[in-house]
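First the structure, in the form of structure tokens, and then the observations on it.
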Amino acid sequence: MKIIHRYIFTEMLKIFVISTLALTMVLFMDKVLFITDLVFNRGVTLPEVARMIFYITPGFLGLTIPISVLVAAIVVFNQLSADSEYVVMKASGWSFLYLLRPVFYFSLAAFIITNLNMFYFLPWGGQQFQKMVYDIVRTRANIDIKPNVFNKDFEGLTVFVNNKEGNHELRGIFISHNPSENDAKIILADEGTIVSDSENYRIHLQLRNGSIHDANEPGTRYQIIKFQRYDLNLNLPTAGKMRESGFFKHKDKSVSDLWQLIQEKERAGQPSNFEKVELSKKFSIPFTCLLFGLIGGPLGIKSSRSGKSGGFVVAVAIILLYYVGLISGQNLGKGGEIPALLSVWIPNIVLFFFTTYVLYKVHKEIPFTLVDRVTDAYLTLLDVLKRLKPGAHRTEPHHHTTPNL
């Protein structure tokens, strides 16, 4: 690799690492409340928190890596152009496409890493995280059920037991079941067993030799149902939050699992648009790294007139436009309004033609009329805002000195 190529590659790597870490930390803040709840209410230790962070991280990298590639390319080429280094390189006989080679290599490396993350690390991390949190919830729940204590650890249930053998066998069970305001049941049972359903991340209580006292309409109807066995789902608050907060998503499934789920739904005559969109995203998102890298170079050069802030504004604009298009496309695909497999590729197709157009214009040194107008408007706005600052019109008093005669 040439010295200039190594220089550009190294500078991009620095910006990429900083951007990836910062964006990942920002996205991780969305999960802080959930993990904090586990720490305080389930006694999760710091090593367990570290493992959770490790398992969650691949889910964020699919978003942060492409964005960081774009930011790195724009910032580096913006700096090269602002410091007139790009002019010197052009005067030395280096073409724009020649200087873009390290950007392509960098984008290609990010493309490979993102593919590995989407196909292997993300499904593995998601499954490991679900299993870990489920095990924590299950084991803490077993410990929390103590004899002669009203246990309110389960949603809609109050559990009281006379005796407990080990972590699973209960004796003399009293349960107040209130799933809603107008529904109240009292369940009595001689004994019960706590059974874990690891596939659905639930815990069941198998009750034996008991009765259900149903008083849905107090004063008008009272019903008693005898049973030899009755399975009651213990809906743990933490497990419910896991499903609601989006930890259990199709994005955590592997390609083979998604494909198998699609085939099963199609055989059953059910719509599989949701699964097809998630499957297609595993291929489309890594490809974005190549497009973001290649478009970042020319946009960085063109935004140099407005300084570093101009490069940042361009990066934010491209990111917003792309992901708005991605979200809109996938929503239309999931709704069946457009082909599901094609829906998430539409932003990439549009970005591909736009990238090709921008590369051609910069390589041929054809001026960007629209970009120049936007840049001029941006610079004018900055100048106006600077003039509106308090003290902007103040001038230093002039000190008149009398010349020595």
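Residue-by-condition table, conditions (1) more than 20 Å from Q127 (Cα to Cα); (2) hydroxyl-bearing (S, T, Y); (3) out of contact with any Leu (no Cβ under 9 Å at 6 or more places or on another chain):
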| residue | (1), (2), (3) |
| --- | --- |
| L13 | yes, no, yes |
| F16 | yes, no, yes |
| L23 | yes, no, no |
| K31 | no, no, yes |
| F34 | no, no, yes |
| M52 | no, no, no |
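Among the numbered criteria (1) over 24 Å from F77 (Cα atoms); (2) open to solvent by 50 Å² or more (accessible area, probe 1.4 Å); (3) among the hydrophobic types (A, V, I, L, M, F, W, C), which one does L13 miss?
(1)
Take V316 and tell me if it is modelled with pLDDT under 85 and either open to solvent by 10 Å² or more (accessible area, probe 1.4 Å) or farther than 30 Å from A82 by Cβ (or both).
yes
Quick grid of which residues meet (1) open to solvent by less than 40 Å² (accessible area, probe 1.4 Å); (2) of a type outside the set (F, W, Y); (3) under 27 Å from C289 (Cβ atoms); (4) not in a helix (DSSP H, G or I):
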site	(1), (2), (3), (4)
Y7	no, no, yes, no
S19	yes, yes, yes, no
T24	yes, yes, yes, no
L27	no, yes, yes, no
Y55	yes, no, yes, no
I67	yes, yes, yes, no
F77	yes, no, yes, no
Y86	yes, no, yes, no
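Could you look through segment 88-119, keep only residues that are assigned to a helix (DSSP H, G or I) and of a type in the set (G, A, S), and pick out the one that is modelled with the lowest pLDDT?
Once the filter is applied, the top-ranked residue is A91.
Given the residues L108, L97, L61, which is the only one that is touching a residue at least 24 places away in the same chain (Cβ under 8 Å), surrounded by 14 or more Cβ atoms within 10 Å (Cβ to Cβ) and not polar (S, T, N, Q)?
Checking each option against the conditions leaves just L61.
The values are calculated or read from the model by the stated rules, or taken from the named source; none is laboratory data. In this text, all values refer to a predicted model and were calculated from it rather than measured experimentally. Neighbour counts run over all protein chains shown; Cβ positions are idealised from the backbone, glycine included. What goes into the accessible areas is simple: the full protein's heavy atoms, side chains included, and nothing from ligands, DNA or RNA. Shrake-Rupley method; radii C 1.70, N 1.55, O 1.52, S 1.80 Å.
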